[in-house]
Amino acid sequence: MFRFLTAGESHGPCLTMVVEGLPAGMRVDKTIIDADLRRRQGGYGRGGRMKIEKDAVRFLSGVRHGKTLGSPITMQIENLDWVNWQERMSAEPVEATIEAVTRVRPGHADFSGAMKYGHSDLRNVIERSSSRETASRVAVGALCRQLLAQFDITIHSHVLSIVEVGYEKQRAMTHDAYPVEMWDAVEASPMRCADAELTERMIARIVQAKHAGDTCGGVFEVVAFGVPIGLGSFSQWDRRLSTRLAMAMMSIPSVKAMEIGAGFTASRTPGSQVHDVLRHDADGRWFHLTNNAGGIEGGITNGEPIVVRVGVKPIPTLAHPLPSIDLASGENVDESRYERSDVCVVPAAGVVGEAMMAIVLTEAMLEKFGGDSLEEMMRHRGRQ
C-alpha cells in the first residue's frame, strides 16, 4: 500500500515527509526533486518568502546509493527562515512574552481553525494551514514522478486564466493539442502560460491588483500523458480515479473548484456533442476522436490524456486588509492583519497540482501493477 505523511510548520525548523510503498530498486535523482521545488517557488506574483527559502530535499532513510530500498523513505526540507523565528516557534517553553495573533483574516483557516482546536493565538493555526506545506507534497510528487517515468507517464501544468484574463475558448484535450513546444513555452513563461501575449496581460492584471493592495486567483490545468487504460474502478465510490483526483486537487490550499475534461461545459452541452466516439485502428490501438471525458470514464482511465482544471481563489492575506474581528477582545475591527504574502499563487499552485496528480497515479499504478521491486512491477505491466 502506498501512502505518505507530511509534517512541519511554516516557520519551524524543517518540513518532513515519510513515503511508504514505493518499490525497491527505483533509481532516485535528487536534482529532479530540487528542480520541482524551485518550480513551485517561481511564477509572477510571489512574495518575499521565496527570496529567503532555497528549497532542497535531504534524504534521511529509504534510499541507498541512489536507489530505493523498499522501506519507508524520509525526506526533509530545511526552512531557512527558521533562524528568525526560533523564539516565537520554540518547541520548549520560553520566558519572553510572545505577542499573540488575534485578528482573523477573512477567507483563511484562522477562525475555523481556532474554533476547532480551541486556540487563542492564531499563530497555532497559521503555521500548519499555510501553503508552505505544499513544498512537502511537491517533493513527494517529484519522487512519484520518477516511478511514473519508468512507465512513460509524464505530467505537465499550465495557467489558463488570472481573474478575468485568460483563454477565450476551451482548449481541445486530445494528445495532439499539447505539442512538446507548448510545454517548453510554459516553462519559459513567468506565468506558466504558453501564450506570450496572454502572459503579459496576466502580469499586468497582477500588477494592477498589487497596486490596489489586492490579490488574484485563477485557473490552472494539469495534464497526464501515457496513462494506461484501466487505472481506478467503478466498483466502489472511493476507488474511482475521478474521486481520488478530486480529493487530491481540492486538498491544495486556496483551491475552490475542480473539473475533469469538459467539466461544467459538458453540463451545458447536448450528449451528442459531448461523448467521445471510440475507434480501433489497424495496429490494434484504441483511441477516441475527442477527449471531453478528460481521460476518465466510469472512474477508470481510458487511455487518453487525463485533463484536470482547477480553480484557485485569491489568497486571503491582503495588503489592504478587510474588516474583521479580534478574538481576544471579541470586538469588531476595521482591519484584519497583514502578514508577508504573495499577490498571486496560481502558477505555483499548478506545480502542486502536478505533484498531486503524480501521487494519485502512483497509488493507482501500484494497485494495478504492484510488486515489491521495480523489476517485478514492470513485469506485471508487461503482461497486461
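Nothing in this text is a laboratory measurement; each read-out follows from the coordinates by a stated rule. As the structure is a computational prediction, the values presented were derived from the model and not from experiment. Methodologically, a virtual Cβ is constructed for each residue, glycine included, from the backbone with ideal geometry; neighbour enumeration extends over all protein chains shown.
Can you list residues from other chains, or at least 5 along the same chain, whose modelled amide H is less than 5 Å from the amide H of ASP195?
So ASP195 has HN proximity to no qualifying residue.
Counting only helical runs of four or more DSSP H residues, what would the 222 nm mean residue ellipticity of the chain come to if each run contributes -39,500 (n - 2.57) and the total is spread over all its residues?
That calculation yields -9500 deg cm²/dmol at 222 nm.
Around GLY43, under 12 Å between beta carbons, what's the net of Lys plus Arg minus Asp minus Glu among the other residues?
Spelling it out: positives minus negatives among the neighbours equals +3.
Between region 264-291 and region 78-115, what is the separation of their alpha carbon centroids in Å?
51 Å
Reachable lysines from LYS169, Cα under 23 Å, same-chain residues fewer than 8 places away excluded?
Correct list for LYS169: LYS256, LYS313.
I'd like to know which of SER161, VAL28, ALA204 lies farthest towards the positive end of the charge dipole of the chain, counting +1 on Cβ of Lys and Arg and -1 on Cβ of Asp and Glu.
Of the candidates, VAL28 comes out farthest on the positive side.
Using only the Cα atoms of the chain, construct the convex hull and provide its projected area averaged over every direction, in square nanometres to one decimal.
21.6 nm²
Taking neighbour counts of Cβ atoms within 10 Å as a proxy for exposure, in what order, fewest first, do PHE264, PHE2, PHE225, PHE220 appear?
With the sparsest Cβ surroundings first, the list reads PHE264, PHE225, PHE2, PHE220.
Put +1 on the Cβ of each Lys and Arg and -1 on the Cβ of each Asp and Glu in region 6-129; which of GLY42, THR102, ALA91 then has its Cα farthest toward the positive end of the dipole?
GLY42
Rounding to the nearest 20 debye, state how big the charge dipole of the chain is about its Cα centre with +1 on each Lys and Arg Cβ and -1 on each Asp and Glu Cβ.
Dipole magnitude for the chain comes out near 500 debye.
Take HIS158, HIS175 and order them by how many other Cβ atoms sit within 10 Å, fewest up front.
HIS175, HIS158
Give the cross-link partners of LYS30 among the aspartates and glutamates, using a straight C-alpha distance below 13 Å as the criterion and excluding same-chain residues fewer than 8 apart.
ASP55
Kindly work out what percent of the DSSP beta bridges joining two residues of region 3-382 are antiparallel, to the nearest 5.
The antiparallel fraction comes to roughly 95 percent.
Please report ARG103, ARG309, ARG3 as a ranked list, fewest other C-beta atoms within 10 angstrom at the top and most at the bottom.
Ordered by Cβ neighbours within 10 Å, fewest first: ARG3, ARG103, ARG309.
In the chain, which Cys residues have no partner Cys with a Cβ closer than 4.7 Å?
Cysteines of the chain left without a disulfide-compatible partner: CYS14, CYS144, CYS193.
Can you list the trypsin sites (Lys or Arg not before Pro) in region 214-268 that are in a DSSP coil and have 13 or fewer other beta carbons within 10 angstrom?
Listed in order of number, the matching sites are ARG268.
Could you pull out every one of the aspartates and glutamates with an alpha carbon less than 13 Å from that of LYS210, ignoring same-chain neighbours closer than 8 positions?
LYS210 reaches ASP342.
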